[in-house]
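Trainee: Take a look at the following structure, please.
The values are calculated or read from the model by the stated rules, or taken from the named source; none is laboratory data. Treat the numbers as computed from the prediction; the structure is a model and nothing was measured. Because the Cβ atoms are built from the backbone with ideal geometry, glycine has one as well, and the counts that use them run over all protein chains shown. Remember, those area values only see protein heavy atoms, side chains included, never the ligands or the DNA or RNA. Shrake-Rupley method; radii C 1.70, N 1.55, O 1.52, S 1.80 Å.
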Amino acid sequence: MRSELLLEMRDITKTFPGVRALTNASLRVGSGEVHALIGQNGAGKSTLIKILTGAYRRDSGSVVFAGASVDFRSPQAAQIGGVSTIYQEVNLVLYRSVAENIFMGREPKRFGLIDWKRMNQEAKVLLERFNIFIDVTQPLGSYNIAIQQMTAIARAVSVKAKLVVMDEPTSSLDDAEVEVLFDVIRQLKASGVSVIFVSHRLDELYAVCDFVTIMRDGQTVLESPIKDIGKLELVAKMLNRDLSDVQSSGQTGFTARTRNASDGALRLEASDLQRGRALRGVSLSIHEGEIVGLAGLLGSGRTETARALFGADQLSSGQVAFDGRQKQFKTPGDAIQAGIGLCSEDRKLEGIIPYLSVRENLTLALLPQLAKNGVVDRARQAEIVNRFITRMGIKTAGADQPIRELSGGNQQKVLLARWMCLNPKLLILDEPTRGVDVGAKAEIQSLIQELAMDGLSVLMISSELEELFEGSDRVVVLRDGQSVATLTHDQISQESIMQAMAHGATINAGTGVNLESAL
Amino acid sequence: MAQKALIQKPNLFLAFVQQQGALLAFVALLIFGALRYEGFFAVYNFAELLRYNSMFGLVALGMTFVIMTGGIDLSVGSVAALTSVLAAQLSPHGLWIALFLPVLAGMVLGFVNGLLIAKLKILPFIATLAALLAARGLAFLAANNQSVSVATDTGFTDFGQGNILGVPTPALLMFAAFLIGVLVLRFSSFGRHVLAIGGNEEASRLMGLSVDQIKIGVYTLSGALAGLAGVILASEFGAGQPTEGSGWELAAIASVVVGGTLLTGGKGSVGTTLVGVLLLGLIFNVLNFENGYGLISLSSYWQSVIRGGFLLVVVILQTRLTKGQKI
Amino acid sequence: MARASSREGFGQKYGALLALAALIVFNMIFTRYFLNLQTLYVNFTQVATIVIVATGMTLVIATGGIDLSVGSLMAISGALAPMLFLNESLPPILGVALAFVLPVLTAGAFGLFNGFLITRYAIQPIIATLVLFIAGRGIAQVVTNGNLTTFSNMTFQFIGRGRPLGLPFQVLLMFALVALIAWVIRATIFGRYVLAIGGNEAAAKLSGVPVSRVKLAVYGISGLLSGLAGLIVIAINSSSDANQVGLNMELDAIAAVAVGGTALTGGKVNVFGTLIGALIIQLIRYTLLAKGVPDAVALIVKAVIIILAVYSQRVRQS
């Protein structure tokens, strides 16, 4: 039933300073097979793939590809060897044309000069095979992400890859685009090319994959034809839980709470926020002591909403009322003064100041209150920092330790503390537990809940349905820059959130639309 | 983060101004000069204009490729000073030796720049700043702190001072170099890869481009062209001058930017750099005529003030025009 | 000096200190008359202007920027000062007083202009300060018509030739400024903001740091210190030459900062390191001179030092 093996990775071990990323992991892919590779963040998927594609070198183990033992030294070598990778963030050159991006590095030549005519023609034909009809001479950056991704795949196909690795290729595509991608994958399969498909969306796996490999804690825990394993069993294997656990709840640090926080006084009300193409009518409200979840696919305008509320980006229209007063925050500084904090999504790019100490990172936003005539009160600073290190359980060698030496979870706790020490009224958390290990995740989640109990209002952006489902008092769902549904109380379920994210509902934020009737 | 179309289709008018603004200004200035000054629209004036600016043109050509990779080369001026000294010292041995060995020396210095940047990962402006110092030091050492006169009996000076078919030889060389540059950028893998690296270095690496080699390549090219400019300097003015060439890097950068190449790399054109060079040259030509006209009198010191002001205007325009297009 | 990077900071400071110690020991053994007060004064007087400018440069670089215009700003302030204290229509005391204040403020204003270009138009610092690097010296030359002005005015020249308590004035000034800036970095909110911006500008902005104002201030300070250094140089020389004052100062200052262990990519800073870096460069120049090595070789040596310093910094970071 299974065709002959194209790839066999055995007993792969990889250690990073202080961390063992892979322990005797394995992966087998047959030719012409679409193979799902799944696991939680930190399970070792990316490390395994990076070893396959030559971005990392393995410590031990063997890789046999197309009948020969291989050890790719670079992504380039892997590509020449027949393994192409489509990355999550499209890794192409946006200023260059679509055709150039497909043929970069192996441009067709005539008399030693690039043959533009042939290059454009071949690129056009390649893309038309995937039912994509565009002007291939335009810069790649003038097209949307889906086209960019198709370009990347066309490139992989044109280098005659035997194996295409797709690392969460659907995370930024809408349904129609996903369908196009699946067509392409089926075509690849039909022509004998194997695909390794990494995704967190279970339905997609069942729609397109033949086999599945599940990883957990750096090890391969299951390999099976996908039709032989149910979704719940899949999740259970991934999380190392019993089936009964998955079916009930308790996957997060949020404890079941009586969802009645929406009764508090209105803290923030935003209506019809607009900003370019990113925000096209977002309305939401947050009450005192309430946790409002903000759901939506990538690119639906979640982060943009957070930034606009915080004054980091300017709105083109729309109203924001905070504590009953109309506000127009021009800078984050204004919002901070009013009592708002924003913990941004990308910890590395927008959160930590890597070389500065835990102390300086923690008190960065508080500094104006700590300074007298511009001079920082060191004693008060130390007192506050120590208090929060203890309270949040931040594991650090001391307040002097540079923050970049801390683990992701502890960095995130410092960033939370950066805002908590301001005693804010509203905290906007953009993916508060992304890239954080399981233990720290639960701690952060229960901390958020504790804060809300004390009266803090929280706007929590999350891609994890469990987090939204178990943590939120209400969930506002965004789609294409618009708020399409507000789910309250018992309307909130993983199912209803996904439905609204995917299909939308009538726009009527703040009042609690009944989703079923809206659909 | 939403990442829909990252490069929006620019306003067509603005795009035209950005791409052809230098050309428009150039033509306007030509017409202005022709109407206002006697002897401006004369073969002699243009020939000498081209002859003098050919040095800057060659340096700016190399700089264009460097900037398109997202780098910068501050060492071009002192490399030219060094090779002008070497050329002067080699001039008794005839033109070819005095031409090739200094160019080779420029190449070697550029190659070292490239190694420092690509292999040791030193920031381009620091690496080439060090090269600027070192080349200047070498120039003083070689010249023993004074200008070196060239041999006049070996045909060396004909190179810089002569004409072919009525066109100054250095200018012909510059035009040829730009023509090759245009072709290389458009039709060779090297040219396309230069643009790719400047556009997204990480992606280029993943696409299997030899990023390090290409970087070393552009700095070597820049060194060679600066070396050639130094030879022309010695030949045209009859002396190797270890103190010459300071500020050339700035003139070159200004020309490149005026030509519409993005300072952040990834997007640019060779042809418009030539227009940028000629435009800058023409501005000073017009100023000279204006001085001769007697209405105003600008000392030569105004040159650097004007050059700085010009760079300022151009850079501000560029940031305005590319707004919303940046990645 | 950032406590944040205590471990690496110590390592880097240590490396530079070792190099300095090695140079001193070498000279003690091989250079005659090295160990005498006169030699010490000569070296310190010569290094003072570099250190003063480099201290401002350290702040600029700590925000992730660069200031190429420092030498030209020195020339501007050096050109303006004699016009004031040699001006016969002003009472001598007022003339000198103005000569201390106005040129420095002018340079500071030009520094603010740099900061304005960088914050308002988001122009890369290297290009933005290139404008005044070119135009600034031109302005100084235009103002003086390119002429050399010689003078003898001991009141004004106290700044370069005075010896309170027997110590050269500008050396005292240099130490005071280094201590002041080090204190500012360590103890004030402004210092934290500088480091935060250099370390991660986006994060700083989202934490409410007034990024534009801090950057403006940093370039303004760099301008002020350059102006001050310009005054010292002309006071030492008893003459002002717009073509010469501050020539190549940007290179010396950047080199001192790099050798001193401040990260050129910003976010980490070591003000005392800059002082040591400048001393190393000065001592090497002195040593080469004492050994009869031509000035040209000193340039090459300086180039090698910059590369070595930056490279070792990079290695330590990775």
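Trainee: First select every other residue whose beta carbon is under 10 angstrom from the beta carbon of residue A:411; then total the charges, Lys and Arg +1, Asp and Glu -1.
Mentor: Details: positive: A:347, A:348, A:404, A:413; negative: A:405.
Value of the local net charge: +3.
Trainee: Something else: Measuring with a 1.4 Å probe in the full set of protein chains, what accessible area per residue, in whole Å², belongs to the protein assembly as shown? Show your work: numbers first, answer last.
Mentor: Details: 45610 Å² over 1164 residues.
With all protein chains present, the protein assembly as shown gives 39 Å² per residue.
Trainee: Whats the longest run of chain A with zero chymotrypsin sites (Phe, Trp or Tyr not before Pro) that are DSSP loop and have at most 14 other Cβ atoms within 10 Å?
Mentor: In short, A:134-519.
Trainee: A further question follows. At a temperature of 20 °C and a viscosity of 1.002 mPa s, determine how fast the range A:369-475 diffuses translationally according to Stokes-Einstein, using the Kirkwood radius over alpha-carbon pairs as Rh; express D in µm²/s, rounded to the nearest whole number. Before the final figure, lay out each step's value.
Mentor: Values: Rh = 15.0 Å.
The estimated diffusion coefficient comes to 143 µm²/s.
Trainee: What is the projected area of the convex hull of the Cα atoms of the range C:169-236, averaged over all directions, in nm²?
Mentor: On the way: hull surface 19.6 nm².
Over every viewing direction, the Cα hull of the range C:169-236 projects on average to 4.9 nm².
Trainee: Computed on alpha carbon atoms, what radius of gyration and Dmax characterise the range C:16-312, expressed in Å?
Mentor: Looking at the range C:16-312, its Cα Rg and Dmax stand at 19.0, 58 Å.
Trainee: Now for a separate question. Using the Kirkwood radius built from alpha carbon pairs, what does the Stokes-Einstein equation give as D for chain B at 4 °C and 1.567 mPa s, in µm² per second?
Mentor: 64
Trainee: To the nearest 0.05, what FRET efficiency results for residue A:113 and residue B:179 with a Förster distance of 22 Å applied to their C-beta separation?
Mentor: That gives a FRET efficiency of 0.95.
Trainee: Work out the mean other chain Cβ neighbour count within 10 Å for the residues of B:307-313 and drop it here as an integer.
Mentor: Working: counts 4, 12, 4, 3, 7, 11, 1.
Average neighbour count from other chains, rounded to a whole number: 6.
Trainee: Sticking with this one: For the interface of A with B, what's the total buried accessible surface in square angstrom, probe 1.4 angstrom, rounded to the nearest hundred?
Mentor: In total, this chain pair buries about 3000 Å².
Trainee: Can you work out D for the range A:5-245 in µm² s⁻¹ from Stokes-Einstein, where Rh is the Kirkwood radius over C-alpha pairs, the temperature is 10 °C and the viscosity is 1.306 mPa s?
Mentor: 85
Trainee: So what is the calculated 222 nm ellipticity per residue for chain B, using -39500 (n - 2.57) for each DSSP H run with n of 4 or more, over all residues, to the nearest 500 deg cm²/dmol?
Mentor: Working: 13 runs with 233 residues, N = 327.
Rounded to the nearest 500, the figure is -24000 deg cm²/dmol.
Trainee: List the relative contact order of chain A as a percent without decimals, with contacts defined as Cα pairs under 8 Å and 6+ residues apart. Before the final figure, lay out the partial values.
Mentor: Details: 1036 pairs, mean separation 71.8, N = 519.
14 percent.
Trainee: A further question follows. Of A:50/A:109; A:327/A:413; A:45/A:231; A:124/B:215, which pairs sit farther than 27 Å apart, going by alpha carbon to alpha carbon?
Mentor: The answer is A:50/A:109; A:327/A:413; A:124/B:215.
Trainee: Residues of the range B:190-229 that become at least 50 Å² less accessible with every protein chain present than in their own chain isolated, using 1.4 Å: which are they?
Mentor: B:192, B:206, B:207
Trainee: Still on this structure, please answer the following. Would you jot down the residues in the range A:398-423 that end up with at least 10 Å² less accessible area in the complete protein assembly than in the chain alone, with a 1.4 Å probe?
Mentor: A:400, A:402, A:404, A:405, A:418, A:419
Trainee: Working from the pairwise distances between different alpha carbons, so that the mean of 1/r is found and then inverted, what is the range C:117-161's Kirkwood radius in Å?
Mentor: Radius from the Kirkwood sum: 13.3 Å.
Trainee: Let me ask something else. Would you work out the charge dipole size for the range A:5-245 about its Cα centre, treating the Cβ of every Lys and Arg as +1 and the Cβ of every Asp and Glu as -1, and quote it to the nearest 20 debye?
Mentor: It comes to approximately 940 debye.
Trainee: Something else about it: For residue A:22, enumerate residues with amide H under 5 Å from its amide H, sequence gap 5+ or separate chain, H modeled in the peptide plane.
Mentor: A:14
Trainee: Give the Cα extents of chain A along the principal axes, in whole Å, largest first.
Mentor: Principal extents (largest minus smallest coordinate, Cα): 70, 52, 47 Å.
Trainee: To continue, here is another question. Rounded to the nearest 100 Å², what is the sum over both chains of accessible area buried where A meets C, with a probe of 1.4 Å?
Mentor: Interface area, both chains combined: 2400 Å², rounded to the nearest 100.
Trainee: While we're looking at this one, here's another question. In square angstrom and rounded to 100, what buried accessible area do you get between chains C and B, total over both, with the probe at 1.4 Å?
Mentor: Summing both chains' loss of accessible area gives about 3300 Å².
Trainee: Give the Rg (one decimal place) followed by the Dmax (whole number) of the range C:121-267, computed from C-alpha coordinates and expressed in Å.
Mentor: Values for the range C:121-267 (Cα only, Rg and Dmax): 18.0, 54 Å.
Trainee: Would you compute, from DSSP H runs of 4+ residues alone, the mean residue ellipticity of chain A at 222 nm, taking -39500 (n - 2.57) per run and dividing by the full residue count, rounded to the nearest 500? Each step should come with its number before you reach the end.
Mentor: Values: 19 runs with 175 residues, N = 519.
Computed ellipticity for chain A at 222 nm equals -9500 deg cm²/dmol.
Trainee: With a point put 7 Å past each Cα toward its Cβ, work out how far residue C:293 is from residue A:334 in nm, to one decimal.
Mentor: The modelled label-to-label distance comes out at 5.9 nm.
Trainee: With a 1.4 Å probe and all protein chains kept in place, how much accessible area does residue A:287 have, in Å² rounded to the nearest 10?
Mentor: Approximately 30 Å² of residue A:287 is accessible to the 1.4 Å probe.
Trainee: Same structure again: Only counting protein heavy atoms at a 1.4 Å probe, give the residues of the range C:196-219, ordered by number, whose accessible area falls by 50 Å² or more when the other protein chains are present relative to the chain alone.
Mentor: C:200, C:206, C:207
Trainee: Based on alpha-carbon positions alone, could you give the equivalent ellipsoid semi-axes of the range A:419-500 from the gyration tensor, as √(5λ), descending, whole Å?
Mentor: Over the Cα atoms of the range A:419-500, the semi-axes work out to 22, 15, 12 Å.
Trainee: Round to the nearest 10 and report in Å² the accessible area of residue A:232, as given by a 1.4 Å probe over the protein chains' heavy atoms.
Mentor: In the full protein context, residue A:232 sits at about 70 Å².
Trainee: Please list, ordered by chain and number, the residues whose modelled amide H lies under 5 Å from the amide H of residue C:260; skip anything fewer than 5 residues away on the same chain.
Mentor: Long-range HN contacts for residue C:260: C:277.
Trainee: May I ask you to list the trypsin sites (Lys or Arg not before Pro) in the range A:355-440 that are in a DSSP loop and have at most 15 other Cβ atoms within 10 Å of their Cβ?
Mentor: Values: sites: A:359, A:372, A:378, A:380, A:387, A:391, A:395, A:404, A:413, A:418, A:425, A:434; in loops: A:395, A:425, A:434.
The qualifying sites are A:395.
Trainee: Let me know the mean shielding of B:74-82 by other chains, meaning the per-residue number of their Cβ atoms within 10 Å of its Cβ.
Mentor: That works out to 1 on average.
Trainee: Loop only per DSSP, at most 15 neighbouring Cβ atoms within 10 Å: give me the trypsin sites (Lys or Arg not before Pro) in the range A:125-200, ordered by residue number.
Mentor: A:160
Trainee: Give me the net charge for the shell around residue B:62: Cβ to Cβ below 12 angstrom, other residues only, Lys and Arg +1, Asp and Glu -1.
Mentor: Summing Lys and Arg as +1 and Asp and Glu as -1 gives -2.
Trainee: Still on this structure, please answer the following. Please compute, for peptide A:138-144, the average count of beta-carbon atoms on other protein chains lying within 10 Å of each residue's beta-carbon.
Mentor: 5
Trainee: Something else about it: Quick one, what does Rg over Rh come out to for the protein assembly as shown if you take C-alpha atoms and the Kirkwood Rh?
Mentor: Rg/Rh for the protein assembly as shown comes to 0.99.
Trainee: Could you run the Karplus curve 6.51 cos²θ - 1.76 cosθ + 1.60 with θ = phi - 60° over the range C:229-236 and give me ³J(HN,Hα) per residue in whole Hz, x for Gly and Pro?
Mentor: With coefficients 6.51, -1.76 and 1.60, one gets 4, x, 4, 4, 4, 5, 5, 5 Hz.
Trainee: Right, here's the next one. Note down the accessible area of residue A:288, probe 1.4 Å, to the nearest 10 Å².
Mentor: Per-residue accessible area (residue A:288): approximately 80 Å².
Trainee: Sticking with this one: Taking all protein chains as present, what is the carbon and sulfur share of the accessible area of the protein assembly as shown, in % to the nearest whole number, probe 1.4 Å?
Mentor: 58
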